[in-house]
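All remarks here apply to the structure that follows.
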Amino acid sequence: MASPPLRIIQWATGNTGVRALREVVRDPMFELVGVRVFDPAKEGKDAGELCGEAATGIKATTDRSSLLALDADCVIYTPTATGSGETRAGLSEEEVVEDVVAMTGSGKSIVTSCTDFFGGGLRFREDHRARILDACKKSGASIYATGSDPGFITEMVPLAFLSIQRSVELIEIEEYGDLRFRPSPYMILEQMRYGKPLSEFNPDRRMNHLFGEYKLPLNTLAGFAGLNVEEWTAEGGCAAARHDETIVAGEIKAGTAGAQRVIIRGLIGGKDVIRFIQYSYVTLDLDPDWEMRPSGWRLKVLGDSPMTIDIAYPLDAPGSLARIVPAINANGLVNAIPYVCAAPPGFLTAADIPHVLPTSAAHSMRR
């Protein structure tokens, strides 16, 4: 006999949330029971309308309490809640904790793209994390965080590499982001400061943000490899455009910021054992020449079975990346739902659940 559908609440409908909502609506393994929106203009709209599908009969609401009162197996929790300190954006930590304690306290497991939850939730204030764990323990609910990065590239892909190692010397992840075709002038020219004179560019701001976002996920990855990191460091840098260039977001003048690089290192005995390098750029003609690669990743594992792999997006036109990234963030969340609902209570990593398969395959396994 087939198992009954898992009852799902979609919490927030930004780029990732809308894509996750669409996949839930399409999949008979799930029953959508509620949709939380933050934009009053979306209040009362059918979930199908929000994600480009047929009407579902489920109306979006800004009423938090009504959704928390619903009977559900899992919440796909995708509100904006990122960064810490001066780089915090979206919900505060206190708001996130109130949401999560209420959800898990009523037995609802959570899959989320919010980076607060990576690394076993250790970024939460100690008393906040204790409240969440207590709620999970009492109800049996579980919490799993994933996405494209952190997530896919810091857990799922490296685990495949680590499966053929007996000893590991270094894990290195290089990430490349080509922003030339991104139609987001405010983000690129103001928030990220591209096209600004180098005297007005502060590489530490981006470095501090990424260090806060990636240190815990990278420490989790180190743990997968049996590496007990003793010290973490980070550094930021900027390269200048050599010539004037026009990108979708606007004009980049010669001598202004054309690329950024952040390097995060985990060390043992003063030697790198984890190295994460993120590049983003708006021109390929740079000083110094950092030899930019297409958007994607290069993953290297040095050990007794050394291996390197390049992962690139098949971009066929400007704007393709904007269509692909929401799928990478959302699909992993949706696919993980049945495993998370069946897992022990508390914070989970990719090592705590079976290898995640598309939900069609997971559905056949539940029968």
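The values are calculated or read from the model by the stated rules, or taken from the named source; none is laboratory data. A quick note: this is a predicted structure, and the numbers were derived from the prediction, not measured. Every residue, glycine as well, gets a Cβ built from its backbone with ideal geometry; the counts of neighbours run over all protein chains shown.
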Problem - segment 105-122, residues that are of a type in the set (S, T, N, Q) and without any contact (Cβ under 8 Å) to a residue 40 or more places away in the chain - result: SER106
Problem - Wholly enclosed helices (runs of 4 or more DSSP H) of segment 120-239 bearing at least 2 residues surrounded by fewer than 20 Cβ atoms within 10 Å (Cβ to Cβ) and at pLDDT below 95 - result: 157-162, 203-224
Exercise for the section: Among what's in segment 240-255 and is surrounded by 19 or more Cβ atoms within 10 Å (Cβ to Cβ) and touching a helix residue (DSSP H, G or I) at 6+ places or on another chain (Cβ under 7 Å), pick the residue that is nearest to LYS196 (Cα to Cα). Expected result: ALA240
Exercise for the section: Examine segment 287-295 for a residue that is under 20 Å from the mean Cα position of the chain (by Cα), of a type in the set (Ser, Thr, Tyr) and in the same structural domain as ASN219 (by TED's automatic domain parsing), and state whether such a residue exists. Expected result: yes
Problem - Filtered residue count, segment 211-260, keeping only those that are in contact (Cβ under 8 Å) with a residue 40 or more places away in the chain and within 22 Å of PRO183 (Cα to Cα) - result: 17
Completion exercise
Taking segment 240-279 and keeping only residues that are in a loop (DSSP other than H, G, I, E, B), more than 30 Å from LEU227 (Cβ to Cβ) and over 26 Å from the mean Cα position of the chain (by Cα), one is left with ARG242, HIS243, ASP244, LYS253, ALA254, GLY255
Completion exercise
Those helices (runs of 4 or more DSSP H) completely within segment 8-100 that have 1 or more residues that are basic (Lys, Arg) and closer than 21 Å to ARG323 by Cβ are 15-26
Exercise for the section: For ALA141, state whether it is farther than 19 Å from GLY266 by Cβ, without any contact (Cβ under 8 Å) to a residue 60 or more places away in the chain, of a type outside the set (Phe, Trp, Tyr) and outside the structural domain of PHE201 (by TED's automatic domain parsing). Expected result: no
Exercise for the section: Check off (1) crowded, with 18+ Cβ neighbours inside 10 Å; (2) not assigned by TED's automatic domain parsing to the domain that holds PRO344 for ALA72 and give me the number that stays unchecked. Expected result: (2)
Practice task
Inspect segment 45-64 for any residue being within 18 Å of CYS114 (Cβ to Cβ) and either of a type outside the set (A, V, I, L, M, F, W, C) or assigned by TED's automatic domain parsing to the domain that holds ILE143 (or both) and give the result as yes or no.
Solution key: yes
Exercise for the section: Look at ILE110 and say whether it is touching a Lys or Arg at 6+ places or on another chain (Cβ under 7 Å) and crowded, with 19+ Cβ neighbours inside 10 Å. Expected result: no
Practice task
Report, by residue number, each residue of segment 101-118 that is assigned to a helix (DSSP H, G or I) and either among the basic types (Lys, Arg) or closer than 20 Å to ALA350 by Cα (or both).
Solution key: THR104, THR115, ASP116, PHE117
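Every residue, every condition in (1) touching a strand residue (DSSP E or B) at 6+ places or on another chain (Cβ under 7 Å); (2) closer than 21 Å to ALA350 by Cα, yes or no:
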{"position": "SER199", "(1), (2)": "no, no"}
{"position": "HIS209", "(1), (2)": "no, no"}
{"position": "PRO217", "(1), (2)": "no, yes"}
{"position": "ALA222", "(1), (2)": "yes, yes"}
{"position": "THR233", "(1), (2)": "yes, no"}
{"position": "CYS238", "(1), (2)": "yes, no"}
{"position": "ALA249", "(1), (2)": "no, no"}
{"position": "ARG265", "(1), (2)": "yes, no"}
Completion exercise
Per the list (1) touching a helix residue (DSSP H, G or I) at 6+ places or on another chain (Cβ under 6 Å); (2) assigned by TED's automatic domain parsing to the domain that holds LEU227, residue check on GLY177 breaks on (1)
Practice task
Scan GLY57, GLY90 and give me the residue that is modelled with pLDDT of 95 or more, surrounded by fewer than 17 Cβ atoms within 10 Å (Cβ to Cβ) and over 22 Å from TYR339 (Cα atoms).
Solution key: GLY57
Exercise for the section: Could you list, in sequence order, all residues of segment 284-299 that are surrounded by fewer than 16 Cβ atoms within 10 Å (Cβ to Cβ) and not in a loop (DSSP other than H, G, I, E, B)? Expected result: ASP287
Practice task
Name the one entry in ILE277, ILE268, ILE337 that is closer than 13 Å to TYR176 by Cα and either outside the structural domain of PRO185 (by TED's automatic domain parsing) or at pLDDT 95 or above (or both).
Solution key: ILE277
